[in-house]
Amino acid sequence: MNLHQNLLNEPPETHLPDNPEAREALESTDDPTPVAGRFPSFSAAWARLAERALDDGQPVAAYAYARTGYHRGLDQLRRSGWKGHGPIPWDHEPNRGFLRALNALARASEQIGDAEEADRCSTLLRESSDEADKALNS
């Protein structure tokens, strides 16, 4: 008998793989640009670029950075078994880059007047990780 079997038929949590080299490169710099260039599939670098652009009042640049991080993260999620829905836990550090990019995409979309995209991204963030939504939007 499997004591950890999901009896509610909910999708399992998706955990993205860690990229220690990219993570350490991002942690050791104030400028995420070279990290995004060296590790283009590393969503956390794109998320940081997007967040910085939002802070600088550049929503179009933020949108482009966030969309890149979001799509690179989607690719990795799908390779990790994600089927388009289900939990993407905030407490799993490698998931945070995707979740932050998704949040930045929602914010940038709202700022450029794309309410439909902002709502879609905000809903996906809440449905994927309520904890991420609270951490990023409180």
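The values are calculated or read from the model by the stated rules, or taken from the named source; none is laboratory data. Just so we're clear, the structure is a prediction, and the values are computed from it rather than from any experiment. Note that each Cβ is placed from the backbone with ideal geometry, even for glycine, and that neighbours are counted across all protein chains shown. Surface accessibility is based on the protein's heavy atoms, side chains included, excluding ligands, DNA and RNA. Shrake-Rupley method; radii C 1.70, N 1.55, O 1.52, S 1.80 Å.
Going by what's in this entry, would LEU99 be described as in a helix (DSSP H, G or I) and either surrounded by 19 or more Cβ atoms within 10 Å (Cβ to Cβ) or among the aromatic types (Phe, Trp, Tyr) (or both)? It is true that LEU99 is in a helix (DSSP H, G or I) and either surrounded by 19 or more Cβ atoms within 10 Å (Cβ to Cβ) or among the aromatic types (Phe, Trp, Tyr) (or both). Of all residues in the stretch 102-138, exactly one satisfies the criterion of being aliphatic (A, V, I, L, M) and outside any helix (DSSP H, G or I), namely ILE112. Checking every residue in the stretch 84-93 against the condition of being open to solvent by 40 Å² or more (accessible area, probe 1.4 Å), free of Cβ contacts under 8 Å to residues at least 60 places away in the same chain and outside any loop (DSSP other than H, G, I, E, B) gives zero matches. The residue that is most open to solvent (accessible area, probe 1.4 Å), among those in the stretch 7-61 that are of a type in the set (Lys, Arg) and farther than 24 Å from PRO87 by Cα, is ARG38. If you go through the stretch 62-83 and keep only what is crowded, with 21+ Cβ neighbours inside 10 Å and not in a helix (DSSP H, G or I), you end up with just TRP82.
Scanning the stretch 109-127 for residues that are closer than 18 Å to ARG96 by Cα and open to solvent by less than 80 Å² (accessible area, probe 1.4 Å) returns CYS121, SER122, THR123, LEU124, LEU125. Residue pairs whose Cβ atoms lie under 8 Å apart, separated by 6 or more positions or on different chains, with the first residue in the stretch 31-49 and within 15 Å of LEU16 (Cβ to Cβ) and the second of a type in the set (Asp, Glu) and surrounded by fewer than 22 Cβ atoms within 10 Å (Cβ to Cβ), are PHE39/GLU21; SER41/ASP75. Assess whether ALA106 counts as being free of Cβ contacts under 8 Å to residues at least 40 places away in the same chain and within 19 Å of ASP75 (Cα to Cα). It is true that ALA106 is free of Cβ contacts under 8 Å to residues at least 40 places away in the same chain and within 19 Å of ASP75 (Cα to Cα). THR68 passes every criterion in (1) within 17 Å of LEU105 (Cα to Cα); (2) touching a residue at least 60 places away in the same chain (Cβ under 8 Å); (3) hydroxyl-bearing (Ser, Thr, Tyr) apart from (2).
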